[in-house]
Amino acid sequence: MAGYKLEVTTGDMTNAGTFDHIYVTLIGTGGRSERTELDNFGVDFNTGMTSIYTVKTCSSLGKLLLVNVEKDPYFCLPENQWYCSKIVVTTPEGDVILFPCYRWISRGELVELRGGRGLKKKTILSINISILFNCLPFAVFFFTFSYLSDAELMFKGLTGSTEQWESIEDIKKIFWFKTTKMSEYVTEHWKEDDFYGYQFLNGINPNVIKKCSELPPNFPVTEEMVKPFLDKGSSLQKEMENGNIFLCDLKRMDGLPTRVCDGEPLHITAGLCLFYMNPENKLMPIAIQLNQQPSEQNPIFLPSDTETDWLLAKMFIKNADSMLHQSVYHLMNTHYLAEVFTVATLRSFPVVHPLYKLLIPHFRYTLQINIMARDSIFGKKPLFTSSLGYEGLTELMRRALSETTYSSLCLPENITARGLMSIPNFYYRDDGLKLWNIINRFVKATVGYYYPSDKEVRKDTELQEWISEIFTHGFLGNKASGCPAGFYTVEEVIKFITMVIFTVSAQHAAVNSGQFDYHSWVPNGSLLLCKPPPNTKGQSSMKTILETLPNVGHTVNIAAMLWVLSEMYTDVVPLGTYPEEQFNEPVPKQMINRFQAELSHLKGVIITRNSQLEVPYKYLNPTQIENSITI
């Protein structure tokens, strides 16, 4: 007789345990065990419990390959799923083998668990791609915060109100117990030009600004226009040559269909905004044109114009930037790309594949949040109210996808292409590049362990299928995107997986986590503006500003939704934390430990830097970044 010791761990989340009968069958190269019930004296499979069982066989099963798990009902009790975290088997020969599970198991299911050692296989018997995660904490978070914010706003009699705001001060009364230090700072400083410029570097959309060495022909800014706002004795041409002029060009917004409100289409701007990095290292807006084609009805607004003219011009640029941020840089370039990566991983890799083990923690809850958001936030009847309707948002994403390149998703190349390598006070770049390099070293070590040569890459058919899926369905087979359709070298694999992990963790944090901080004060970056942009100068007043802003009901709707999207729920897993033990070998575990140590060091560097800043940049602190896109 031979005895196999099984250590069976039930998850520690709510309702993870079960009263049902649990059976296992061990399968090895030398045969299989009998279907054996796991039953000790007393209660089995309680939440958070690890229990030890013995499975006896007539002889050794050889190399242990699989553990099959089944669940049958206990008497007539209703279905209660069981969350099995892992099973650790000690063989008669003394081998200790991890079989990761980390999923819910229902009655009547046959779940095949494979060992935790990473293996590349040319053929597989079956691939279980069940992704039945526990959505309870996530769903509770979503609806609880929606309820709390709605309840507060309803208590104040604001939800659904079609009244216009009577003063800017009144908008401060929206939330009386939900503020952050940053949201309070934004409320007080949103009109200031230096803070306006700062946000294009370190706000929630640091993706659009680029160095300007030559003015676009459709943006006829003259030396005389901007001379008062440059360093004394300098000129626009000289500042461009010195690398101090930057441009935000929102041409992607041109001609998009907009929402219809009260029988009239709303307006958006495909504007251009010119910035100057002054000697105090402050990025200042110095010229704004609100439409692409210059004309007498499309004047260039300047800081020397009336306060409300200049403020309106800045608000319309931020309105367009906010919609571009939400639909392209947030939804499409993180959420939807992550969905492509997730599905390709589930379709192409068996669970024993080392790249499955490396990647799967970074796709936790991603499909669930995308399914919910697709209808509730960005559907035909969205919770978000914006100047662009469903058709406009869809067309904007279509345009952006046709222009998306692989290099634009790789932060070092993105920063270089936009000419932002040396612009000062660009904390998104500084922290992001450090994170990119830390992730890259971790990926390089892990991939290199399993792929010692380029030959190993070329002959891995599952890996080739994975990248082909992403190229075909994520980049629509567009060769101009630069996305590889196949892998030929280890370095190519390392770079691409670095991009994947960075996108679904750090990049998502950068464009998501600060939404309440920066835009809950709706005048600073409203998704909805109700009047057309100004086409003449000197005709505006503060009354015009208030009429242009969303009404009371729409304002609180936007602020409440940003509250929900910026909160962390209780089941959060920070970057570099792997509670589900996927790898069995010591070497990958050591690599994870080094990865975590580097992230911890970066956390200290960022905290020290932020302690000296008036406006700290915290969104790429590793403790504030999730392993995956979950909200």
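The values are calculated or read from the model by the stated rules, or taken from the named source; none is laboratory data. Bear in mind the structure is a predicted one, so any value in this text is a computation, not a measurement. Note that each Cβ is placed from the backbone with ideal geometry, even for glycine, and that neighbours are counted across all protein chains shown. For accessibility, only protein heavy atoms count, side chains too; no ligands or nucleic acids. Shrake-Rupley method; radii C 1.70, N 1.55, O 1.52, S 1.80 Å.
Which members of region 531-544 meet the condition of being touching a strand residue (DSSP E or B) at 6+ places or on another chain (Cβ under 9 Å) and open to solvent by 50 Å² or more (accessible area, probe 1.4 Å)?
535, 537
Here's a check for you: in region 264-273, which residue that is assigned to a strand (DSSP E or B) and open to solvent by 10 Å² or more (accessible area, probe 1.4 Å) is modelled with the lowest pLDDT?
First pass over region 264-273, keeping only residues assigned to a strand (DSSP E or B): 264-265, 272-273.
Subset that is open to solvent by 10 Å² or more (accessible area, probe 1.4 Å): 264-265.
Working: 264: 82, 265: 88.
If we take residues in region 264-273 being assigned to a strand (DSSP E or B) and open to solvent by 10 Å² or more (accessible area, probe 1.4 Å), then 264 is modelled with the lowest pLDDT.
Give the residue that is surrounded by the fewest Cβ atoms within 10 Å (Cβ to Cβ), with candidates limited to residues of region 230-248 that are among the small types (Gly, Ala, Ser) and at pLDDT 95 or above.
That would be 235.
Quick test of your reading of the structure: residue 217 fulfils all but one of (1) open to solvent by 40 Å² or more (accessible area, probe 1.4 Å); (2) in contact (Cβ under 8 Å) with a residue 12 or more places away in the chain; (3) closer than 23 Å to residue 400 by Cα. Name the failing condition by number.
Failed condition: (2).
Just the residues that are open to solvent by 50 Å² or more (accessible area, probe 1.4 Å) and assigned to a strand (DSSP E or B), please, taken from region 2-38.
5, 7, 21, 32, 37
Which fully enclosed helices (runs of 4 or more DSSP H) of region 494-551 have 2 or more residues being under 21 Å from residue 562 (Cβ atoms) and over 13 Å from the mean Cα position of the chain (by Cα)? Reasoning before the result, please.
Working: elements: 508-512, 515-519, 542-548.
Qualifying helices (runs of 4 or more DSSP H): 515-519, 542-548.
Conditions first: (1) within 27 Å of residue 517 (Cα to Cα); (2) in contact with a Cys (Cβ under 8 Å, 6 or more places away or on another chain); (3) open to solvent by 10 Å² or more (accessible area, probe 1.4 Å). Residue 181 passes all but one, so which condition is the exception?
With respect to (1) within 27 Å of residue 517 (Cα to Cα); (2) in contact with a Cys (Cβ under 8 Å, 6 or more places away or on another chain); (3) open to solvent by 10 Å² or more (accessible area, probe 1.4 Å), residue 181 is out only on (2).
Against the definition (out of contact with any Cys (no Cβ under 7 Å at 6 or more places or on another chain), of a type in the set (D, E, K, R), over 30 Å from residue 302 (Cβ atoms) and open to solvent by 50 Å² or more (accessible area, probe 1.4 Å)), how does residue 580 come out, yes or no? First the steps, then the outcome.
Numbers: out of contact with any Cys (no Cβ under 7 Å at 6 or more places or on another chain): yes; of a type in the set (D, E, K, R): yes; over 30 Å from residue 302 (Cβ atoms): yes; open to solvent by 50 Å² or more (accessible area, probe 1.4 Å): yes.
Yes: the conditions hold for residue 580.
Just checking, does region 398-412 include any residue being at pLDDT 90 or above, under 29 Å from residue 614 (Cβ atoms), surrounded by 18 or more Cβ atoms within 10 Å (Cβ to Cβ) and under 18 Å from the mean Cα position of the chain (by Cα)?
Taking region 398-412 as the starting set, the residues that turn out to be at pLDDT 90 or above are 398-412.
If we keep only those that are under 29 Å from residue 614 (Cβ atoms) too, we end up with 411-412.
Going one step further and asking which of them are surrounded by 18 or more Cβ atoms within 10 Å (Cβ to Cβ), we end up with 411.
Remaining after also requiring under 18 Å from the mean Cα position of the chain (by Cα): 411.
Yes, because at least one residue in region 398-412 is at pLDDT 90 or above, under 29 Å from residue 614 (Cβ atoms), surrounded by 18 or more Cβ atoms within 10 Å (Cβ to Cβ) and under 18 Å from the mean Cα position of the chain (by Cα).
Provide a single number: the residues in region 468-487 that are open to solvent by less than 60 Å² (accessible area, probe 1.4 Å) and in contact (Cβ under 8 Å) with a residue 40 or more places away in the chain.
Taking region 468-487 and keeping what is open to solvent by less than 60 Å² (accessible area, probe 1.4 Å), we get 468-471, 474-475, 477-478, 481-487.
Still in the list and also in contact (Cβ under 8 Å) with a residue 40 or more places away in the chain: 469-470, 474-475, 478, 481-484.
Of the residues in region 468-487, 9 are open to solvent by less than 60 Å² (accessible area, probe 1.4 Å) and in contact (Cβ under 8 Å) with a residue 40 or more places away in the chain.
Do we find that residue 166 is charged (D, E, K, R) and either at pLDDT 85 or above or open to solvent by 70 Å² or more (accessible area, probe 1.4 Å) (or both) in this structure? I'd like the intermediate steps shown before the answer.
Details: charged (D, E, K, R): yes; either at pLDDT 85 or above or open to solvent by 70 Å² or more (accessible area, probe 1.4 Å) (or both): yes.
Considered against the rule, which asks whether it is charged (D, E, K, R) and either at pLDDT 85 or above or open to solvent by 70 Å² or more (accessible area, probe 1.4 Å) (or both), residue 166 comes out as yes.
Among the helices (runs of 4 or more DSSP H) lying completely within region 367-473, list those that include at least 2 residues that are within 30 Å of residue 200 (Cα to Cα).
390-403, 406-409, 411-417, 427-450
What is the one condition in (1) at pLDDT 95 or above; (2) open to solvent by 50 Å² or more (accessible area, probe 1.4 Å) that residue 276 does not satisfy?
So the condition that residue 276 fails would be (2).
For region 606-622: of the residues being in contact (Cβ under 8 Å) with a residue 24 or more places away in the chain and in a helix (DSSP H, G or I), which is farthest from residue 199 (Cα to Cα)?
622
Filtering region 413-462 down to residues that are in contact with a strand residue (DSSP E or B) (Cβ under 9 Å, 6 or more places away or on another chain) and of a type in the set (Gly, Ala, Ser), which residue is surrounded by the most Cβ atoms within 10 Å (Cβ to Cβ)?
Only one residue fits best here, namely 419.
Residue-by-condition table, conditions (1) modelled with pLDDT of 90 or more; (2) touching a helix residue (DSSP H, G or I) at 6+ places or on another chain (Cβ under 7 Å); (3) among the hydroxyl-bearing types (Ser, Thr, Tyr):
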| site | (1), (2), (3) |
| --- | --- |
| 4 | yes, no, yes |
| 18 | yes, no, yes |
| 23 | yes, no, yes |
| 37 | yes, no, no |
| 42 | no, no, no |
| 105 | yes, no, no |
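Has region 333-344 got at least one residue that is closer than 17 Å to residue 510 by Cβ and open to solvent by 30 Å² or more (accessible area, probe 1.4 Å)?
Checked region 333-344: at least one residue is closer than 17 Å to residue 510 by Cβ and open to solvent by 30 Å² or more (accessible area, probe 1.4 Å).
Please give the number of the condition residue 94 fails out of (1) on the phi > 0 side of the Ramachandran plot; (2) touching a strand residue (DSSP E or B) at 6+ places or on another chain (Cβ under 9 Å).
Checking residue 94 against (1) on the phi > 0 side of the Ramachandran plot; (2) touching a strand residue (DSSP E or B) at 6+ places or on another chain (Cβ under 9 Å), the one that fails is (2).
If residue 186 meets every condition in (1) modelled with pLDDT of 65 or more; (2) surrounded by fewer than 13 Cβ atoms within 10 Å (Cβ to Cβ) apart from one, which number is that one?
(2)
Being without any contact (Cβ under 8 Å) to a residue 60 or more places away in the chain and closer than 27 Å to residue 422 by Cβ, is that true of even one residue in region 287-300? Explain how you work it out, then say what you get.
Pass one, region 287-300, residues without any contact (Cβ under 8 Å) to a residue 60 or more places away in the chain: 288, 295-296.
So of that shortlist, the ones also closer than 27 Å to residue 422 by Cβ come out as 288.
So far as region 287-300 goes, yes, one or more of its residues are without any contact (Cβ under 8 Å) to a residue 60 or more places away in the chain and closer than 27 Å to residue 422 by Cβ.
Checking the structure you have, find out if any residue of region 190-209 is surrounded by fewer than 21 Cβ atoms within 10 Å (Cβ to Cβ), in contact (Cβ under 8 Å) with a residue 12 or more places away in the chain and under 12 Å from residue 272 (Cα atoms).
Yes: one or more hits.
Could you check region 249-263 and list, in sequence order, the residues that are open to solvent by 50 Å² or more (accessible area, probe 1.4 Å), assigned to a loop (DSSP other than H, G, I, E, B) and either at negative phi or of a type outside the set (Asp, Glu) (or both)?
Correct list: 254, 255, 257, 259, 263.
Is it fair to say residue 87 is closer than 19 Å to residue 2 by Cα, under 34 Å from the mean Cα position of the chain (by Cα), of a type outside the set (Ser, Thr, Tyr) and surrounded by 12 or more Cβ atoms within 10 Å (Cβ to Cβ)? Before you say what the answer is, go through the steps one by one.
Numbers: closer than 19 Å to residue 2 by Cα: yes; under 34 Å from the mean Cα position of the chain (by Cα): yes; of a type outside the set (Ser, Thr, Tyr): yes; surrounded by 12 or more Cβ atoms within 10 Å (Cβ to Cβ): yes.
Considered against the rule, which asks whether it is closer than 19 Å to residue 2 by Cα, under 34 Å from the mean Cα position of the chain (by Cα), of a type outside the set (Ser, Thr, Tyr) and surrounded by 12 or more Cβ atoms within 10 Å (Cβ to Cβ), residue 87 comes out as yes.
Within region 488-507, take every residue that is open to solvent by 10 Å² or more (accessible area, probe 1.4 Å) and in contact (Cβ under 8 Å) with a residue 60 or more places away in the chain and give me the one that is nearest to residue 353 (Cα to Cα).
Pass one, region 488-507, residues open to solvent by 10 Å² or more (accessible area, probe 1.4 Å): 488-492, 495, 507.
Retained after the next criterion (residues that are in contact (Cβ under 8 Å) with a residue 60 or more places away in the chain): 495, 507.
Working: 495: 19, 507: 26 Å.
Once the filter is applied, the top-ranked residue is 495.
Starting from region 65-93, take each residue that is without any contact (Cβ under 8 Å) to a residue 40 or more places away in the chain and list its partners that are surrounded by fewer than 19 Cβ atoms within 10 Å (Cβ to Cβ), counting only C-beta distances under 8 angstrom and pairs at least six apart or across chains.
Pairs that qualify, where the first residue is without any contact (Cβ under 8 Å) to a residue 40 or more places away in the chain and the partner is surrounded by fewer than 19 Cβ atoms within 10 Å (Cβ to Cβ), are 79/73; 79/106; 79/107; 93/60.
Residue 613 - would you say it is more than 30 Å from residue 354 (Cα to Cα) and out of contact with any helix residue (DSSP H, G or I) (no Cβ under 7 Å at 6 or more places or on another chain)? Even if it seems obvious, please write down each step before you answer.
Numbers: more than 30 Å from residue 354 (Cα to Cα): yes; out of contact with any helix residue (DSSP H, G or I) (no Cβ under 7 Å at 6 or more places or on another chain): yes.
Yes.
All but one of (1) assigned to a loop (DSSP other than H, G, I, E, B); (2) surrounded by 15 or more Cβ atoms within 10 Å (Cβ to Cβ); (3) on the phi < 0 side of the Ramachandran plot; (4) within 40 Å of the chain's Cα centre (by Cα) hold for residue 103; which doesn't?
(1)
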